[in-house]
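Report on one structure; see the data block that follows.
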Amino acid sequence: MEKREAKSKIQSLSTEINKHNHLYYVLDQPIISDGQFDVLLKELKDLESVFPELLLPNSPTQRVGSDPLPSFEQVNHEIPMLSLGNAFNDQDLGNWYKRISSSIDSNKFEIACELKFDGLAVSLLYENGIFVRGATRGNGSIGENITLNLKTIKSIPLTLTGNPPSLLEVRGEVFIPKSQFLTMNQKRENEGLQTYANTRNTAAGSLRQLDSKITAERPLDIFIYGVGATNSPDFNNSHWENLEKLKQFGFKINPYNELVKNIESAISYYEKWLSKKESIDYDCDGIVFKINEIDFQEILGSVGREPRWAIAYKFPAEQVVTKLLDIQTNIGRTGSINPYAILEPVEVGGVIVRQATLHNEEYIIAKDLRIGDWVTVERAGEVIPQIVHRNESRRNGSEIIFKMPSLCPSCNAITSRLENESALYCTNAQCPAQLERLLEHFVSKTAMDIDGLGIKTTTSLIDNELIHDVSDIYFLDKNKLENIERMGEKSIKNLLDSIEKSKSQPFSRLITGLGISHVGSEVAEILVNEFKNIDSLMNVTADELQQIPSIGPKIAISLVDFFQKETNRRIIEKLKTAGIKTELENQNSGSENNLLNQQKFVVTGKMENFSRTEIQNLIKENGGLVTNQVSNSTNFLIAGSDSGSKLNSAIENNVKVISESEFLAMISS
């Protein structure tokens with residue numbers, strides 16, 4: 001066979017195999033037998049082996065896995081992959097609905113109802129209809145490149161059908177069907193291998209295999225639930241229409257999705273699937289409700305890491321009874337003294353639970369929990385174990401009432417409560433246990449990512465007075481480290497190399513690592529993009545912070561309090577001296593990027609040529625600031641059609657109102 005003929009045959013076979021893959025794995029409507037399918041696949045493999053130069057990355061034969069990788073590359077999500085807020089009862093859901101209605105000044109909107117799969121969220125990127133990159137959610141802003149592993153999932157199309165846009169990113173949830181999970185575990189048991197505990201952890205672990213051949217052996221599946229970044233204007237109308245378009249491109253969309261017109265119908269959908277969840281062949285832990293209209297989604301925006309326009313209404317958690325053996329406390333990185341329960345080990349939802357959170361003293365008193373009680377335990381959100389209630393009828397008089405310590409268990413300093421807070425705090429800012437937790441957080445993967453500073457090493461460094469705060473990590477002396485137990489020459493070199501490497505971590509990682517209350521990795525990304533450098537952030541006011549979308553009063557007050565403390569300012573100066581990045585990189589200081597000179601803009605209403613998000617990005621790219629609420633410090637309101645209360649507020653505050661075209665003229669000049 002000549003090369004030209006082979007190329008044509010390979011294209012023909014690939015198209016046919018992709019069609020049968022879609023019919024089998026997505027639509028569950030096979031039209032040929034497994035044997036016939038295997039014949040087609042073998043013919044394609046044989047041709048590709050004879051003409052290896054014709055083998056394409058999106059060939060159906062490439063689903064078997066590739067050679068192991070040394071590690072995963074990082075991927076920046078152009079649009080953050082947000083997580084969902086939770087509702088646990090009808091009242092929670094009703095409150096969410098009222099907030100939505102109030103924010104958009106209407107109760108006339110549709111709600112998309114979707115089953116909440118218990119799997120792992122991923123991003124899939126397609127260019128010109130070809131699957132080019134897949135990534136984990138990660139921290140929402142940065143994930144891991146797991147393209148080779150995702151290619152092994154047969155329900156993920158390697159080539160899209162129809163007429164997809166040249167750039168399309170979709171989001172989905174990878175899971176393992178329960179029936180396949182049981183079959184896989186039975187096979188492992190027969191082979192004398194350890195069985196897996198639950199489908200979610202197994203799916204997540206499968207996707208993070210450096211050897212994609214291992215991933216290919218796992219029965220992974222996927223449902224696509226939304227659109228990420230795209231260069232097409234065809235996805236700006238409604239979430240439901242977007243899913244229909246994705247279905248036409250060959251993506252697997254959950255067939256049980258439903259579009260309803262009011263909250264009562266949404267609750268009925270929840271109740272229907274709560275009663276039927278055991279009949280579903282995958283783990284489902286609740287229902288996701290999303291506002292259907294994209295315009296409303298943009299108006300509502302997000303707060304922190306959660307979109308305001310969506311919520312997860314969780315199913316009641318599985319509950320079991322066990323014995324409360326003891327109540328102990330630990331000290332958090334902010335000095336909070338946190339009680340937790342030691343339980344007689346018990347299995348809850350496929351996981352062995354030995355401890356449970358007790359939140360604070362008020363929680364213990366309210367539930368009248370005593371050491372020795374028989375208690376009912378559940379995994380809240382099927383993740384964090386917690387005690388639901390005690391079984392008073394089983395008490396025999398030997399139970400012990402617990403009292404929070406008046407002295408810190410670590411340093412014996414007096415404990416106290418802050419005004420309007422239920423948590424108990426150690427009053428010693430130099431408390432070793434508090435510093436241990438903060439250091440543990442500072443060196444973690446989501447912060448400065450320093451290998452070699454485990455709990456035992458950190459404790460030794462603190463005990464030997466080599467570390468008094470996080471900045472001391474960067475001034476550790478090799479000679480002094482040699483006197484630390486279990487620190488040999490090689491481990492010292494590896495530690496110092498890792499510390500030096502961490503100096504190249506982006507500015508946002510430092511903000512995350514400082515351990516500021518209510519400031520996680522996603523809030524840190526928002527802050528560094530807004531303020532660009534540590535000095536600006538250290539001197540911002542709470543009012544200015546609250547002008548930023550997604551920054552509420554708790555975050556604002558916490559930030560201001562943190563940077564007002566002289567000890568924290570000294571730590572920042574030491575980190576600067578050490579060479580840590582304290583400003584956002586790749587910021588062009590040319591005049592074109594400072595055109596708007598930090599002037600504050602609010603965007604409202606429906607634009608003609610751009611979405612509100614695109615307008616907001618243009619403002620930021622040109623050196624302006626975007627805020628969510630109109631105030632007397634706002635410089636401009638960009639008003640589209642159907643502008644509401646923000647337009648009235650701008651008029652009241654004498655804020656200049658401009659149109660979309662006037663704004664574009666402003667930046668084009």
Item to check | From LEU168, LEU148, LEU210, LEU193, residue being within 30 Å of ILE526 (Cβ to Cβ) and either outside any helix (DSSP H, G or I) or in contact (Cβ under 8 Å) with a residue 24 or more places away in the chain (or both) | outcome: LEU168
Checklist entry - If you take the residues of the range 142-168 that are surrounded by fewer than 22 Cβ atoms within 10 Å (Cβ to Cβ) and of a type in the set (D, E, K, R), which of them is nearest to the chain's Cα centre (by Cα)? => result GLU144
Checklist entry - When you look at LEU438, is it under 14 Å from ARG333 (Cα atoms) and either surrounded by 20 or more Cβ atoms within 10 Å (Cβ to Cβ) or among the hydrophobic types (A, V, I, L, M, F, W, C) (or both), yes or no? => result yes
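Matching residues to (1) modelled with pLDDT of 95 or more; (2) in the same structural domain as PHE563 (by TED's automatic domain parsing); (3) in contact with a strand residue (DSSP E or B) (Cβ under 6 Å, 6 or more places away or on another chain):
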residue: LYS490; (1), (2), (3): no, no, no
residue: ASN494; (1), (2), (3): no, no, no
residue: SER517; (1), (2), (3): no, yes, no
residue: GLY520; (1), (2), (3): no, yes, no
residue: GLU525; (1), (2), (3): no, yes, no
residue: GLU530; (1), (2), (3): no, yes, no
residue: ASN533; (1), (2), (3): no, yes, yes
residue: ASN539; (1), (2), (3): no, yes, no
residue: ASP543; (1), (2), (3): no, yes, no
Checklist entry - Got a number for residues in the range 478-504 being closer than 30 Å to VAL560 by Cα, over 26 Å from the mean Cα position of the chain (by Cα) and in a loop (DSSP other than H, G, I, E, B)? => result 0
Checklist outcome for this item: Scanning the range 1-35 for residues that are assigned to a helix (DSSP H, G or I) and modelled with pLDDT under 80, the one surrounded by the fewest Cβ atoms within 10 Å (Cβ to Cβ) turns out to be GLY35
Next on the checklist: Of the residues LYS245, LYS314, LYS277, LYS213, only one is out of contact with any helix residue (DSSP H, G or I) (no Cβ under 6 Å at 6 or more places or on another chain) and at pLDDT 95 or above; which?
Outcome noted: LYS245
Checklist outcome for this item: Filter the range 317-331 for residues that are under 26 Å from ASN86 (Cβ atoms) and crowded, with 19+ Cβ neighbours inside 10 Å; the one that is modelled with the lowest pLDDT is ALA317
Checklist entry - Just for strands (runs of 3 or more DSSP E) wholly inside the range 310-400: which have at least 2 residues that are without any contact (Cβ under 8 Å) to a residue 60 or more places away in the chain? => result 319-331, 336-348, 351-357, 374-380, 384-390
Checklist outcome for this item: Log entry, pairs with first residue in the range 592-603 being at positive phi and surrounded by fewer than 16 Cβ atoms within 10 Å (Cβ to Cβ), second being in a strand (DSSP E or B) and at pLDDT 80 or above, beta carbons closer than 8 Å, six or more apart or on different chains, reads GLN598/LEU625
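Yes/no per residue for (1) among the β-branched types (Val, Ile, Thr); (2) within 27 Å of the chain's Cα centre (by Cα):
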| position | (1), (2) |
| --- | --- |
| SER302 | no, yes |
| ILE311 | yes, yes |
| PHE315 | no, yes |
| THR329 | yes, no |
| ALA356 | no, yes |
| GLU362 | no, no |
Checklist entry - Is at least one residue of the range 112-119 of a type outside the set (Gly, Ala, Ser), touching a Cys at 6+ places or on another chain (Cβ under 7 Å) and in a loop (DSSP other than H, G, I, E, B)? => result yes
Item to check | Given (1) more than 18 Å from VAL353 (Cα to Cα); (2) touching a Ser or Thr at 6+ places or on another chain (Cβ under 7 Å); (3) of a type outside the set (D, E, K, R); (4) at pLDDT below 90, number of the condition ILE384 does not satisfy | outcome: (1)
Checklist entry - Is it true that some residue in the range 61-81 is at pLDDT 85 or above and part of a helix (DSSP H, G or I)? => result no
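The values are calculated or read from the model by the stated rules, or taken from the named source; none is laboratory data. The structure presented is a predicted model; accordingly, all values stated were derived computationally and were not measured. FYI the Cβ positions are ideal-geometry reconstructions off the backbone, even for glycines, and counts take in every protein chain you see.
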